[in-house]
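First up is the structure itself, then whatever we jot down about it.
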Amino acid sequence: MFNWAKTAILMAAITALFGLFGAWLGGQQGMLLALLFAGGMNFFSYWFSDKMVLSMYGAQQVDASSAPQLYQMVAELAHRAQLPMPAVYIINEEAPNAFATGRNPEHAAVAVTTGILRILSTRELRGVMAHELSHIKHRDILISTISATMAGAVSALANVALFFGHRDEHGRPANPIASLLLAILAPLAAMLIQMAISRAREYEADRLGGEISGDPEALAYALHKLQQGASAAPFTTAQEHPATAQMMIVNPLSGKHLAHLFSTHPATEERIRRLMHMAQTGHYPN
C-alpha cells in the first residue's frame with residue numbers, strides 16, 4: 001500500500017510539472033491545455049504502449065511449439081502467481097535482459113533476449129521470469145511506461161518553454177534566466193521522479209519474484225550474471241530509447257552512456273544482498 005501511495009504522489013508531481021510549463025507558456029489557459037495534454041498522453045500510453053515497445057525491440061511472439069521450455073516455464077510460474085498466461089516474446093539481441101509490459105494482467109507480455117537464454121541456467125531464468133511476472137501482478141509496467149512517457153513530454157515542453165516562453169514587447173524573453181533554469185531543471189526533476197518510481201518497484205519485484213519462484217537465491221545469481229553481461233554487451237535499441245531502460249530487469253545502458261549517471265535501477269549489489277538474505281532467513285529486508 002505504501003508503494004502505491006508513493007507512486008501516486010510521484011505521478012502527481014510529474015503532472016504538476018506539466019501544469020507549471022503550461023502556466024509559463026500561456027498562463028491559466030496554458031496550464032489547462034498542458035494538463036489536458038498530459039491526460040491524453042496517459043490515455044495513449046494505457047492502450048498502446050506495450051505494442052509500441054515490443055515493436056521497437058523487434059520482439060517475436062513464441063508459443064509452446066516454437067519455444068517449449070520457455071513457454072512452459074512462464075506458464076508454470078504464472079499459475080503459481082495466480083496470473084493469466086501472458087504472451088511470450090523473444091528478442092534477437094545478444095545483450096542479456098528481460099522485461100514485461102502490458103496495461104493489466106489480462107493484457108500482458110514478457111520478453112527475453114536471446115542473450116539471456118544463452119547465459120542463464122534454467123534455474124536462474126526461472127527466477128528472472130518470476131521477477132517479470134511480479135511486475136505484471138503489481139501493474140508496475142503500466143505505471144513505469146506512463147511515467148517514462150510523461151517524463152519525455154516534460155523534456156519536450158522544456159524546449160518549447162525555452163524558445164517560446166513569455167516575451168516582452170520587443171519579442172525577447174521576458175526573463176531569460178528563469179526560462180533557462182526552467183528548461184534545465186524541470187526535465188531533471190521529471191527524470192528523478194521517474195527514477196524513484198522505478199527503483200521502488202524493482203525491490204518489490206525482486207521480493208515477490210523470490211516468493212513466486214520459491215528460489216530467491218537463483219534470482220540473485222541471475223542478477224550477477226546479467227549485470228556482467230549488460231556491461232559487456234551494449235543494448236543498442238535501449239541506448240537509442242533510454243526512457244525504456246527502466247523496464248528491463250537490469251540497466252541496459254553501458255557505463256559510458258550518459259544516462260547511466262541517472263540509473264533507473266537500484267544497485268545490483270544491494271538487490272543481490274537482499275535476495276541472499278531472503279534465501280537464508282525467509283524474510284526480505286526493507
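Laboratory data are not the source of any read-out in this text; all were calculated from the coordinates shown. Source: prediction; values computed, not measured. Cβ coordinates were reconstructed from backbone atoms using ideal geometry, including for glycine residues, and neighbour counts include every protein chain displayed.
Less than 5 angstrom separates the built amide H of Ile249 from those of Ala98, all sequence-distant by 5 or more or on a different chain. Between the amide H of Ala108 and those of Ala87, distances stay under 5 Å, these residues lying 5 or more places away or on another chain, with hydrogens modeled in the peptide plane. The slack between Asn286 and Thr114, meaning 0.36 nm per residue of separation minus the straight C-alpha distance, is 58.6 nm.
Remark: the Arg123-Gln82 segment gains 12.7 nm on full extension, using 0.36 nm per residue and subtracting the alpha carbon distance.
Each of Ile136, Ile119 was scored by other Cβ atoms within 10 Å of its Cβ. Arranged with the fewest first, they read Ile119, Ile136. Sorted fewest first by neighbouring Cβ atoms within 10 angstrom, His283, His135 come out as His283, His135.
In this structure, the amide hydrogen of Phe235, modeled 1.01 Å from its nitrogen in the peptide plane, lies closer than 5 angstrom to those of Ser254, counting only residues at least 5 positions away or on a different chain. Annotation: peptides 243-250, 267-274, ranked by per-residue average of other Cβ atoms within 10 Å with the highest first, follow the order 243-250, 267-274. One chain, two ends: Phe48 and Gln61. Fully extended at 0.36 nm per residue, the span grows by 3.0 nm beyond their Cα-Cα distance. Note on Glu94 and Gln72: their simple-model spin labels are 3.1 nm apart, each label 7 Å out from Cα toward Cβ. Note on Leu36 and Thr237: with the Förster distance fixed at 41 Å, the Cβ-Cβ geometry gives a FRET efficiency of about 0.80. Here the 3J(HN,Hα) profile of region 64-78, calculated from phi with Karplus coefficients 6.51, -1.76 and 1.60 at θ = phi - 60°, is 5, 8, 7, 9, x, 5, 5, 4, 5, 4, 5, 4, 5, 5, 4 Hz, Gly and Pro shown as x.
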